[in-house]
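Engineer: This structure is in structure tokens; I'll ask about it shortly.
The numbers here are math on the coordinates, done by the rules we state, and not lab data. Predicted model only: the values in this text are computed from it and were never measured. Cβ sites come from the backbone with ideal geometry, for glycine too, and all protein chains shown count toward neighbours.
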Amino acid sequence: MSDHQTVVAALFGAPGSVRIPATQALGTVTVAEIAAPLGLPGFDNSAMDGYAVRADEIASATDGSPVRLPVAEDIPAGRTDRLTLQPGTAHRIMTGAPVPVGADAVIPVEVTDGRVDIVTIRSAVPAGRHIRTAGSDIAAGEPAIPAGTRLGAPQIGLLAALGITEVTVAPRLRVVVLSTGSELVTPGTPLQYGQIYESNGPMLTAAATEAGADATHVHFVTDDVGAFRARLDEISDDADLIITSGGVSAGAFEVVKDALAASGEVEFVKVAMQPGMPQGCGRYASPSGRAVPIVTLPGNPVSSLVSFEVFIRTPLRAAMGLPPDRRRVHAHLESDIRSPAGKRQFLRGVLSRSEPDDAEGFAVKPIGPPASHHLRYLARADALIDIAADVDAVSAGTPVDVIML
Ligand SMILES: Nc1nc2c(c(=O)[nH]1)N[C@H]1C(S)=C(S)[C@@H](COP(=O)(O)OP(=O)(O)OC[C@H]3O[C@@H](n4cnc5c(N)ncnc54)[C@H](O)[C@@H]3O)O[C@H]1N2
Ligand code: MOO
């Protein structure tokens, strides 16, 4: 199995670099450090709704002996003229509004009478209180976001606060998922006997999207080799990775294998694992001459998703600068299991007693049979139980390797 992992991983190159609008950068990874083009805050501003004052002028203010000051200006947030506080006056000021030159403190409205003509102040504050000074968050030129940062909501917020509209990031890979099978019907249309709804396409597209890619699902193709290759020609110029499902085992109508094996574009192998035995990968020559990585997954639904997890997820993320994100833990098995001799097995499981930092704090319950058409149990599982190829039985209570989904 690790051989095929290596071959699939080798299809991916190092992360590239692209300039995109910051508003579209969620989930991408920066390729270089981003410095602050301006300081934050950009100007001294008030942290409170209240009155801008000179601290020494109200130093004696108490409940019993308040200080009264005429209110010379009203400064809402957004006022853009530069004001100066004359000695012996106060300015009413709102949170986020620029502090006038000469003021060195803000008195919260709660310790005043709140009037707009002459304000009565009942409490003193030291100089500097309730003023957010320019550059106190980040100074112009300082590093704002390091290289290799995955841009999440906080980073998108920081970029916007800094007025940055474009960022240089590793591009999301364009993954195109193509399912094959004459039995497949799009959900939403009536089924005839012998037909099934196409589920691998939406499932693998979701998996690739979840992994950080720009994934699309194109309409599936029938078991016709010509139609399949025509479809590959249509999609391959705009794909960085093609994932197919189905058509790779030993049947009479294995469209993927029939279309790609003889030309040598894809090498098909039997991997000693369950589910996910029939696998293939290689490069497809697009009409414009690009050699597009292609991974051909088996059609059984559980096999296709487990194969995505085992072979594609981590190298796909690495090619976008994203770190591996599936945790492996040890968990005590809750019931006996059997495993096929000579095959690495991935069973669906449910984890419990989750104590994220305590490797011994997990238990895992195997759910559903090992057969690879049981989507219900796949949809309930939050873990894959990873049983080594040389193990054919594990009894309850034994610690096992688990991949957290
Ligand atoms: N004689 C043999 N038969 C099979 C072998 C074998 O070695 N010798 N391997 C079995 C194993 S293991 C697997 S896995 C499957 C893989 O088959 P294919 O990749 O060729 O896939 P299909 O035959 O097209 O489909 C298998 C199964 O999955 C259903 N399917 C396919 N695509 C979808 C989809 N997009 N959405 C939902 N379900 C899908 C399909 O209807 C079949 O039931 O081969 C075994 N056979
Ligand atoms: O190897 Mo198949 O993938 O068990 O269903």
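Engineer: How large is the charge dipole for the chain, taken about the Cα centre, if only the Cβ atoms of Lys, Arg (+1) and Asp, Glu (-1) carry charge, to the nearest 20 debye?
Structural biologist: Details: 32 positive and 45 negative charges, 43 e Å.
The dipole magnitude comes to about 200 debye.
Engineer: Mind giving me the nanometre distance, one decimal, between the label points for residue 116 and residue 18, set 7 Å out from Cα along Cα→Cβ?
Structural biologist: Between residue 116 and residue 18, the label points sit 5.2 nm apart.
Engineer: Taking a virtual spin label 7 Å from the Cα of residue 209 along the C-beta vector, which residues in segment 230-263 bring their backbone nitrogen under 17 Å of it?
Structural biologist: Counting only backbone N, you get 243.
Engineer: Sorting check: for 89-102, 263-276, 295-308, 110-123, which peptide has the highest mean count of neighbouring beta carbons within 10 Å, and how do the rest follow?
Structural biologist: On the way: 89-102: 21.1, 263-276: 17.7, 295-308: 25.6, 110-123: 15.0.
So the order, starting with the most tightly packed, is 295-308, 89-102, 263-276, 110-123.
Engineer: What net charge do the residues around residue 180 carry, taking every other residue with its C-beta under 11 Å from that of residue 180, with Lys and Arg at +1 and Asp and Glu at -1?
Structural biologist: Here the count lands on -4.
Engineer: Let me ask something additional. Taking the Cβ of residue 246 as the centre, find all other residues whose Cβ is under 11 Å away and add up their charges (Lys, Arg: +1; Asp, Glu: -1). Write out the running numbers ahead of the final one.
Structural biologist: Values: positive: 257; negative: 183, 198, 223, 254.
Summing Lys and Arg as +1 and Asp and Glu as -1 gives -3.
Engineer: Here's a follow-up. Rounded to the nearest 20 Debye, what is the dipole magnitude of segment 222-378 about its Cα centre when Lys and Arg each give +1 and Asp and Glu each give -1 at the C-beta?
Structural biologist: The calculated dipole for segment 222-378 is roughly 440 debye.
Engineer: Ranking request for peptides 166-179, 73-86, 197-210: highest mean number of other beta-carbon atoms within 10 Å first, then the rest in descending order. Walk me through the numbers before you get to the answer.
Structural biologist: Numbers: 166-179: 22.6, 73-86: 13.6, 197-210: 19.6.
Per-residue Cβ counts within 10 Å, averaged per peptide and sorted highest first, yield 166-179, 197-210, 73-86.
Engineer: How do 218-231, 312-325 rank on mean C-beta neighbours within 10 Å, highest first?
Structural biologist: Numbers: 218-231: 17.2, 312-325: 20.1.
The packing order, highest mean first, is 312-325, 218-231.
Engineer: Roughly how many Å is it from the Cα centre of segment 221-285 to that of segment 143-168, as a whole number?
Structural biologist: When both Cα centres are located, 40 Å separates them.
Engineer: Continuing with this model, one more query. Counting only other residues whose beta carbon sits under 15 Å from that of residue 311, what net charge do I get with K and R as +1, D and E as -1?
Structural biologist: On the way: positive: 270, 313, 317, 326, 344; negative: 3, 267, 309, 386.
Here the count lands on +1.
Engineer: Calculate the spin-label point distance for residue 237 paired with residue 161, positioning each point 7 Å from the Cα along the beta-carbon direction, and give it in nanometres.
Structural biologist: 4.5
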